[in-house]
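**Q** Below is one structure. I have some questions about it.
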Amino acid sequence: MDVVCSEFVLQFKKNFSHLKDKRIVLYGIGYRTGALIECLKDEYNFIGLMDKEESNIGKIMFDRQILDIETVIKHADCIIIISVSFYDVIFNRISYLNLEHGIDIYFPNGEKAGLSEKEYEEFDIEYKKLNTERVKEIIQENDVISFDLFDTLLIRKVLDPDVVFEVIDFRLQKRGLSFFNNRKEAYLDACKDGIPSLDSIYCKFQLLTGMTEDELNKVKNIEIETEKKLLTIRKEVVELYQFAKEIGKEVYIITDMYLPSEILSSILAEHNIFCDKEKMLVSCEYQMDKESGNLWEVFKEKISSEKSILHIGDNLQYDIIGAKKYGIHALQILSAKDMMRHTVFNKMLKLDLSLWNKLTLGLVAEKLFNSPFVENRIDEKSRVVLEKEQEVGYVGYGCLIRAYLGYIIQHAYEMHIEKLAFCARDGYLLKKDFDELMKMAESKSIESRYLKISRQIVRRAALFDVEAILDFASLPYRGSVKDYYKQRFGLDLESGKDKSELEIPRDSYLTESLLHQHEAAILEKSADLRRDYSNYLNKEIGEWNRTALVDFGFSGSTQYYLSQILQKPLTGFYLLADMNDDNQYNTRQEKLSYIYNQDDPGGGNSLMGKMFLVIESVFTAPYGTYLSCDDKGNFETAEKTSNNIMFLVKEKINDGILEFFRDCQDLLGDDIAELDFRDEIGVELLALVFKQEGVKITKNILDTFYSDDVLRYKTDRKIFD
């Protein structure tokens, strides 16, 4: 048994000596579990194992069966989570066994797991004081400086190493290769022979898969290239590394890693970071690691005993406590994931997510916490500060909009839709986003059109009879009498007897007789508009058989009245649609809602419904609502409102959304057809950003968010006061 496993067994005995008379289930099927059973099976009553993969239930591993939930509930006194990386996610997954069935659950450090009422622990006071200048002072006080590599100098755009293998697994699906499970098993097998290297792992991988040497090398190269794509530098830490070299310090890099120094050096060189081979200590090459401590012994032997050494790393156990055991000064700088743990984003880390949402969380963490220093991102109230419009777009909107468009593309392919009509004004930026995304996607294309449309214009064009006039007239309204008749019906009327201000439905009695007098004129104007607008539709869209509308939501009235004008049912994609059977606008229409809950088909109780204002405020256009068009295809628009006037801010927010798109595509490649785009955190991120509790958006950005509705209320109100 290797040193790591021996140490883990000793810690287990220390942490769980009080459970020797309990019936214990171990959650996890990795090499640590095997070591525990091998060494402690006579001291502890390990009745079985648990694993999240249902396909493993019933299998025997390490002479113990992987149990189903019913057996655990019936026979277990407690569950001990063995994974040291994902214990919070695992606990969230099985917490109901504690809450509903009274089974104690323990983390690997011996702590009894429980759902904390507090969402996150704030940063330590001393850590808040740490900044670049302070670290430089500490560097100057020592002779030799060593840096950890992963999560210190370099940062992956995913939060956990396993996600790297999930990304590769996704990219290899078309080859029919189940990469993820085989790669993990190969790693565990390689661990039995010592500190694993990439070559030793792939030797085991070949035995498991029966691959030829040529096939094996291709897959290995895909893993290396994927690692490179997922890695970027932590800019301020790299600057500290360069600073230490510039002032003449001996500088080392020490890492527990299966990639050889040759590959690691090439990755570093791509980011203009250089380290002599003899000053890079990689665990797989020395067959020693920081986790066990013996790599620190090797490091100490290289350094004169008279010289003071400082190690900078992120892992408290292996980089800090481990180094100090060998007389090395150690300074912890937090990883992006640990930075996130100390903010309101911590609750996202406890979720059991799909690959898409895991990638999102990794990208958000890298965007927010590339810097390990609190002062660069956190204010005095422990809020995450977003100062730039692009950051608001990237963090708040990127995941949701990318997933919504991915959902549309997937369904458009399945439904053989050839053309998408993006409804104004929401579609102005959304069409741009779609077009950019299609450039990144497979060669199979879908046409896009920008459709000049509004509830105003289709309702006016669909006034076929008196009943339709009265129905349109009764929609809520607040504003001047003059604007009411002009905007609703195109009439230049104002009765001297009527009040200058009108509120419908309260003042409906004031409009009835006047509307009755002008029925013929209203119907004639509607017919003219219907003819001119139909000509525009035929010219701009053409055939509708393979065309679908794209909008954000909600009732679908625009699609319904456009369908009446065209005299044919239509298909529409919505971020959130009212899918209730009693919604009259669903009649003879095909509607697909990205956000949908069968227990709330109308979406009225959804978080997305509550966030619609911040969607509509950004996804607007640099002009007012379309009111009408003439026979030459010229459109009349309402006056610009504040959202339109400050459109430049909205474009910058959308630039952040597009940056998120590009980062996703770098990770996933061109083929997006098979990715599961269901929403797990997109709406949550949007709500988190605008809740104004754990996140602070600077006032100059918030002040550009307005609510306006020309059709119902002539208003232009700030959303955030």
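**Q** Can you tell me which residues in segment 54-86 are within 32 Å of the chain's Cα centre (by Cα), without any contact (Cβ under 8 Å) to a residue 12 or more places away in the chain and assigned to a loop (DSSP other than H, G, I, E, B)?
**A** Ile57, Asp68
**Q** Considering only segment 133-154, state which residues are in contact with a Ser or Thr (Cβ under 9 Å, 6 or more places away or on another chain) and not hydrophobic (A, V, I, L, M, F, W, C).
**A** Glu141, Asn142, Asp143, Asp148, Asp151, Thr152 - these are the residues of segment 133-154 that are in contact with a Ser or Thr (Cβ under 9 Å, 6 or more places away or on another chain) and not hydrophobic (A, V, I, L, M, F, W, C).
**Q** Can we say Asp289 is under 24 Å from Arg134 (Cβ atoms), acidic (Asp, Glu), touching a Leu at 6+ places or on another chain (Cβ under 8 Å) and crowded, with 17+ Cβ neighbours inside 10 Å?
**A** no
**Q** Also, I was wondering about something else. Identify, please: which residue in segment 460-469 is in contact with a helix residue (DSSP H, G or I) (Cβ under 7 Å, 6 or more places away or on another chain) and farther than 16 Å from Ser563 by Cα and is, among those, surrounded by the most Cβ atoms within 10 Å (Cβ to Cβ)?
**A** Result: Ile469.
**Q** So which of Asp426, Asp435 is of a type in the set (Asp, Glu), surrounded by fewer than 17 Cβ atoms within 10 Å (Cβ to Cβ) and assigned by TED's automatic domain parsing to the domain that holds Thr511?
**A** When all the criteria are applied, what remains is Asp435.
**Q** Select from segment 1-51 the residues that are in a helix (DSSP H, G or I), of a type in the set (A, V, I, L, M, F, W, C) and surrounded by 15 or more Cβ atoms within 10 Å (Cβ to Cβ) and list them in ascending order.
**A** Hits for segment 1-51 are Val4, Cys5, Phe8, Val9, Phe12, Leu19, Ala35, Leu36, Ile37, Cys39, Leu40.
**Q** Follow-up question, since we're still on this one. If Ala113 passes every condition in (1) buried (at least 20 other Cβ atoms within 10 Å of the Cβ); (2) farther than 21 Å from Tyr318 by Cβ; (3) at pLDDT 90 or above but one, which one does it miss?
**A** (3)
**Q** Which residue, of Arg478, Arg531, is touching a residue at least 40 places away in the same chain (Cβ under 8 Å), in the same structural domain as Leu420 (by TED's automatic domain parsing) and either closer than 20 Å to Leu570 by Cα or assigned to a helix (DSSP H, G or I) (or both)?
**A** So the residue among Arg478, Arg531 that is touching a residue at least 40 places away in the same chain (Cβ under 8 Å), in the same structural domain as Leu420 (by TED's automatic domain parsing) and either closer than 20 Å to Leu570 by Cα or assigned to a helix (DSSP H, G or I) (or both) is Arg531.
**Q** On the given criteria, is Lys539 basic (Lys, Arg) and over 29 Å from the mean Cα position of the chain (by Cα)?
**A** Here the answer is yes, as Lys539 does meet what is asked.
**Q** Here's something else I'd like to know. Considering only segment 315-322, I want to know if a residue exists there that is assigned by TED's automatic domain parsing to the domain that holds Leu231 and of a type in the set (Phe, Trp, Tyr).
**A** yes
**Q** Okay, next question. Determine whether segment 165-188 contains at least one residue that is out of contact with any helix residue (DSSP H, G or I) (no Cβ under 9 Å at 6 or more places or on another chain), touching a residue at least 12 places away in the same chain (Cβ under 8 Å) and assigned by TED's automatic domain parsing to the domain that holds Val282.
**A** The answer is yes, given that some residue of segment 165-188 is out of contact with any helix residue (DSSP H, G or I) (no Cβ under 9 Å at 6 or more places or on another chain), touching a residue at least 12 places away in the same chain (Cβ under 8 Å) and assigned by TED's automatic domain parsing to the domain that holds Val282.
**Q** Look at segment 575-592 and say how many of its residues are without any contact (Cβ under 8 Å) to a residue 24 or more places away in the chain and closer than 21 Å to Leu451 by Cα.
**A** 1
**Q** Something else: Name the single residue that is surrounded by the most Cβ atoms within 10 Å (Cβ to Cβ) among those in segment 124-153 being in a loop (DSSP other than H, G, I, E, B) and acidic (Asp, Glu).
**A** Top of the filtered list is Asp148.
The values are calculated or read from the model by the stated rules, or taken from the named source; none is laboratory data. This one's a predicted model, so the numbers in the text were calculated from it and none came from an experiment. Neighbour counts are summed over all protein chains in view; Cβ atoms, including those assigned to glycine, are modelled from backbone coordinates with ideal geometry.
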